[in-house]
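These notes are about the structure you will find just below.
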Amino acid sequence: MRDRKLLFLAFLATATMTAYLTVGLKGNIGFVIGLRATKLIALIEVSVAIAVSTVIFQTVTNNRILTPSIMGLDALYGFGQMLLVFVFGGLGYASLSPHLKFGGEVILLMAFASAVLLPMLLRRIDMSLMLLVGIVIGILFRSLQSLLARLIDPNEFAVAQTAGFANFNGVRTDLLTVATILTTMALVIAWRSRHVLDIVALGPDSATGLGISWTKTTAALLVLVAALVAVSTALVGPVAFFGLLVVALAERFVNTRRHATLLPAAALIAVIVLVGGQTLLQHTLGNSSTLSVVIEFVGGIVFLLLLIAGSRK
C-alpha cells in the first residue's frame, strides 16, 4: 500500500515537472526549455534538500514542530552574507567567488550546528525550551543582519538584500553544480542512514542500548542537516515553514515514521508543492503572486495547528 502511495507521488511529481517545462512555451522553444530545465533542477534540489533536512532534524530532536529554519540556521546564512558585504563592501563582495562564499557559509552552518544545537540535544533540553532558544537565535541573527544593513551604504545593501528573502524566480544557477554535488552526497548518506534514523527516533536511551553512539550519530546528522540547509538557502533564500508543511503532509499521507518511506514521500511532496506552485503562478497566473508568501502563510498555519495539537496532548 505504501509503495503504491510512493508511486502515486512519483507520478504527480513527474507531471508537475513536465508541466513546468511545457506550459506556455513561446518563441525559441529549445532555448526556453533549456532555461526552464536549469531552474527546474535547482527547484528540485531545493525541494529535496528542505524536505530531507527537516525529516532528519525532526528525528534527531524527536518532535514534529522544530525545523532547521525555525532554529535559525537560514537566518545565520543571511547574516553571513550581509557580514561579507559589511566587511568587503559591495564591490568586494561581488568580486568574491560564489563558490568560495558558499563553501564558507556551509562551514559556518556546520560549526553552528555542532557548537550550539548538539549540546542542547545532549542535555535533553525540553522541547518548548528548545523551540524558544531557536526563535531567539533566529531573531538574533535577523536583528544583526538588519543592524549591518543600516550601517552599510544603501548601494551596497542592494547587493545583499536578496539574502533575506526567498525568491523562487531568481534561482542562483551559478551555484547549481556545487549544490548538485553536495546535495547528491548528502542524499546518499541520508538514504544509507535510513535504518539508523529509525533507531535514533526511539530516543537516546533506546538508541544507545541498541548499539548507536548517540553523540557521534547526532553530530553527523546535524552536520548533514546544516549542509542541506546551506544548499537550499544559497539557491533561493530562507524559507521558514516549507519543510514543516511538506513533512506534515507526508506523515499523514503515508501514515508512517519509517524513514525508508518518509524520506522519499517528503521529498516527492516537496517537489509537487514547489514545482507545481511555481508552474501555476509563473506560467499560468503570470506571477500575480509570490510563491514564497503563499508557502509561508500556509506553513505558518500548519505550525500553529501542530503547536496547538501538541499542547493538548
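The values are calculated or read from the model by the stated rules, or taken from the named source; none is laboratory data. Because the structure is a prediction, the values reported are computed rather than measured. When we count neighbours, we look across all protein chains shown, and the Cβ atoms used for this are built from the backbone with ideal geometry, even at glycine. The protein model used for the area step is the full one, side chains on, heavy atoms only, and it has no ligands, DNA or RNA in it. Shrake-Rupley method; radii C 1.70, N 1.55, O 1.52, S 1.80 Å.
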* For Ile65, are the conditions met, namely being at pLDDT below 75, under 27 Å from Val247 (Cβ atoms) and in contact with a helix residue (DSSP H, G or I) (Cβ under 6 Å, 6 or more places away or on another chain)? -> no
* Within region 255-271, identify whether any single residue is surrounded by 17 or more Cβ atoms within 10 Å (Cβ to Cβ) and at pLDDT below 90, and answer yes or no. => no
* Subset of region 188-205 that is at pLDDT below 90 and open to solvent by 60 Å² or more (accessible area, probe 1.4 Å) - its residue that is nearest to His259 (Cα to Cα) -> Leu202
* Asked: Can Thr284 be described as under 19 Å from Ile65 (Cβ atoms), of a type in the set (S, T, N, Q) and modelled with pLDDT under 85?
  -> no
* **Residues satisfying the stated conditions in region 174-213, i.e. part of a helix (DSSP H, G or I), of a type in the set (A, V, I, L, M, F, W, C) and without any contact (Cβ under 8 Å) to a residue 24 or more places away in the chain** => Ile181, Met185, Val188, Val196, Ile199, Ala207
* Asked: So, of the residues in region 237-254 that are at negative phi and among the small types (Gly, Ala, Ser), which turns out to be surrounded by the fewest Cβ atoms within 10 Å (Cβ to Cβ)?
  -> Ala240
* Take Leu9 and decide whether it is assigned to a loop (DSSP other than H, G, I, E, B) and either of a type in the set (Asp, Glu) or in contact (Cβ under 8 Å) with a residue 60 or more places away in the chain (or both). => no
* To do: Have a look at Gly78, Gly72 and point out the one that is crowded, with 21+ Cβ neighbours inside 10 Å, in contact (Cβ under 8 Å) with a residue 60 or more places away in the chain, at positive phi and within 16 Å of the chain's Cα centre (by Cα).
  => Gly72
* To do: Could you please let me know if Thr38 is of a type in the set (Ser, Thr, Tyr), in contact (Cβ under 8 Å) with a residue 24 or more places away in the chain and surrounded by fewer than 17 Cβ atoms within 10 Å (Cβ to Cβ)?
  => yes
* Asked: If you go through region 57-67 one residue at a time, do you hit one that is among the aromatic types (Phe, Trp, Tyr), open to solvent by less than 30 Å² (accessible area, probe 1.4 Å) and part of a helix (DSSP H, G or I)?
  -> yes
* Hits in region 4-22 - residues which are open to solvent by 50 Å² or more (accessible area, probe 1.4 Å) and β-branched (Val, Ile, Thr) -> Thr14, Thr18, Thr22
* Examine region 24-38 for a residue that is within 25 Å of Gln145 (Cβ to Cβ) and not acidic (Asp, Glu), and state whether such a residue exists. => no
* Structure fact -> Of the residues in region 122-165, those that are at pLDDT below 70, open to solvent by 30 Å² or more (accessible area, probe 1.4 Å) and among the small types (Gly, Ala, Ser) come to Ser128, Ala158, Gly164
